[in-house]
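Encoded as structure tokens, the structure appears first; notes follow it.
Just so it is clear, none of the values below were taken in a lab; they were calculated from the coordinates. These numbers were taken from a predicted model, which means no experiment stands behind them. Positions of Cβ are backbone-derived with ideal geometry, glycine not excepted, and every protein chain shown enters the neighbour counts.
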């Protein structure tokens, strides 16, 4: 089963269909199928995940499920391991020197950390948007969106690429603003536009899951609202996990909220509670959660 | 008077202090009967520093006085560094321009006693450095990519250390190394243009590695992560994201390395030899180059001494012009392709 992720994309799809009959068969023309709304997205399940940087344990024993077609918000005070945990979901964690992971993370039942699983393949299925907008400075707006295709796949026909770029930019609510200057450098856009460009870039490769690491923390309220609207729309196609420090954002934009906390500095972060956002914000079962969401600490 | 404003020296104060010091020093030196430009400049600098400090301290207080003193010291150091450079450029231009002519640039020296030009040396310089660049740039660039993107731990540190050591090896040693390698294969007494290129590569590779490494290091890590998050394999991340982002800096590094070796004399003396006719094939026969040309014109001027000396100066001037053009091209490329990175 892990080999399916490790294998080339079309094979991975076919073996998924074999493995999970209820999934409607994905056609070979990936450019058209993924665009349709309401497609079943994938579930991420983690069990007893421990994450380390060298000797320091950053995250301890996280067991949770990121449900498909929902927005899962990860909240908690700084340094409690939310971002570290998020990065472990698409195997970005191991890019840090000395970083280690224990436990299990599965994408629709397939072990993401299994032997023979190619992390590059995992990242094609699980995309990521970062805290700081990071368009490639040497590329135009068009090339930035097409970058994922060029970087992760082979040659894509010009016509198809044009279509994907337009669809991704429309999907990120950026098309109208940039359609006349696609050949201009991406770094010339405003912060909010850059972040939407990065979202367009991430969805251009049509991942199964979209991870967002505080995507709005560098943006003003208007740009933040635009991104939140976008997130609400994207969840019809993708499974979304978002790290945020902004409590209003979590309550506005997410369906499920997971609260992380650390008992003391130097101790690993733990998952305190996970549940429907409404419940977490109105009647959490843990005192720590209640204190945090009501602003009594953190 | 509030705490925020205080008495300030007039805007002309530093210039006035310098001019007054110069005048006073000149008078004193003439009176002492030991006037010389060098002594005047040195004493003026010291005098101006002291005078400005004292004047400013009396009027403006100690903090501003210190500021003015240090400003003057830094300016003096800068001027001191510029003097040899400017005098060298001036001298080479003054003596080199008379020897520059169309004939100098277009004809070789074969069979032309007391005449001829340096075309063979110019061609040789371009071919030898060109081939050296062809050898060094790929090796140096890949070495830098290894050091920044792949190397870890002790091996990486050891390599960095030896690259640093390599930048300091005497150029004649590089020449002898190249000679020894080719002599082992082709027998002693061999002289080829490509031998010179190999010798120059030994000097150039560490410079290219160091310059490229610095440039690759400042490509922000978040760009690499963005590429990885899109499912890009490492090699594509480097080829499509890291290298294009660093492109302008990489070209500058290569150009600086080229400028550094284009004027080398010693390693070419033992590897490419001295010859009078144009040879543009680096794989056959001896090859002249500008630095060795200037050296041999000066060393063995023959019958018409002054003409030979003029040609030596002209060759030196030509070399400086080539280095300047290389630097200018590097700057233009840098400006054209520079990418803003946070």
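Tabulated results
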{"quantity": "Mean Cβ count within 10 Å, highest first, over the residues of peptides B:89-98, B:215-224", "calculated": "B:215-224, B:89-98"}
{"quantity": "Descending semi-axes in Å of the stretch A:126-265, equivalent ellipsoid built from Cα gyration tensor", "calculated": "27, 16, 14"}
{"quantity": "P(r) histogram, all alpha-carbon pairs of the stretch B:13-90 included - 10 Å bins from 0, percent", "calculated": "19, 42, 30, 8, 0"}
{"quantity": "Number of partner chain Cβ atoms within 10 Å, mean per residue of A:94-102", "calculated": "1"}
{"quantity": "10 Å Cβ neighbours from other chains, averaged over peptide A:126-134", "calculated": "4"}
{"quantity": "Cα-based shape type of the stretch B:50-154, given that a ≥ b ≥ c are square roots of the gyration tensor eigenvalues and the cut on a/c is 1.5", "calculated": "oblate"}
{"quantity": "Choice from A:276, A:68, A:135 showing the highest fluctuation, given a GNM over chain A with Cα pairs closer than 10 Å", "calculated": "A:276"}
{"quantity": "Inter-centroid distance (Cα atoms) of the stretch A:186-262 relative to the stretch B:126-164, Å", "calculated": "41"}
{"quantity": "Packing-based order for A:106-113, B:295-302, A:122-129, A:55-62, using average beta carbon neighbours within 10 Å, highest first", "calculated": "A:122-129, A:106-113, A:55-62, B:295-302"}
{"quantity": "Volume per residue of the C-alpha convex hull in chain A, rounded to whole Å³", "calculated": "130"}
{"quantity": "Diffusion coefficient, µm² s⁻¹, Stokes-Einstein with Kirkwood Rh over alpha-carbon pairs of the stretch A:41-131 at 10 °C and 1.306 mPa s", "calculated": "118"}
{"quantity": "Overall form of the stretch B:194-332 per C-alpha gyration tensor (a/c, 1.5; a/b vs b/c)", "calculated": "prolate"}
{"quantity": "Where only alpha carbons of chain B are counted, the Rg and the Dmax (Å)", "calculated": "26.9, 87"}
{"quantity": "Principal-axis tilt of helix A:221-234 within chain A, Cα atoms, nearest 10 degrees", "calculated": "80"}
{"quantity": "Degrees separating the helix A:141-152 axis from the principal Cα axis of chain A, which is the longest one", "calculated": "80"}
{"quantity": "Dimensions in Å of the stretch B:167-226 - Rg and Dmax from alpha carbons", "calculated": "17.3, 56"}
{"quantity": "Equivalent ellipsoid semi-axes - Cα gyration tensor, the stretch A:259-298, angstrom", "calculated": "19, 11, 6"}
{"quantity": "Cα centroid separation, the stretch A:93-128 to the stretch B:221-272 (Å)", "calculated": "31"}
{"quantity": "Protection proxy ranking, peptides B:201-208, B:142-149, average beta carbon neighbours within 10 Å, highest first", "calculated": "B:201-208, B:142-149"}
{"quantity": "Residue-averaged beta-carbon neighbours from other chains (10 angstrom radius) around A:140-150", "calculated": "2"}
{"quantity": "Nearest-ten-degree value, helix A:191-204 long axis tilted from longest Cα axis of chain A", "calculated": "70"}
{"quantity": "Per-pair calculated FRET efficiency, R0 = 56 Å: residue B:303 and residue A:184 via Cβ, rounded to 0.05", "calculated": "0.25"}
{"quantity": "Volume in Å³ per residue [convex hull over Cα atoms, computed for the stretch A:109-185]", "calculated": "139"}
{"quantity": "Residue exposure sequence - B:12, B:313 - by fewest surrounding Cβ within 10 Å", "calculated": "B:12, B:313"}
{"quantity": "Potential extension, residue B:89-residue B:113 segment - 0.36 nm per residue separation minus Cα distance", "calculated": "5.7 nm"}
{"quantity": "Exposure proxy ranking, count of Cβ atoms within 10 Å, fewest first, for B:287, A:139", "calculated": "A:139, B:287"}
{"quantity": "Considering only the stretch A:144-288, percent of DSSP beta bridges that pair antiparallel, nearest 5", "calculated": "60"}
{"quantity": "Cα-projected label distance for residue B:66 with residue B:101, points at 7 Å along beta-carbon direction, nm", "calculated": "6.3"}
{"quantity": "Rg ratio (alpha-carbon, reference 2.2 N^0.38 Å) - the protein assembly as shown", "calculated": "1.32"}
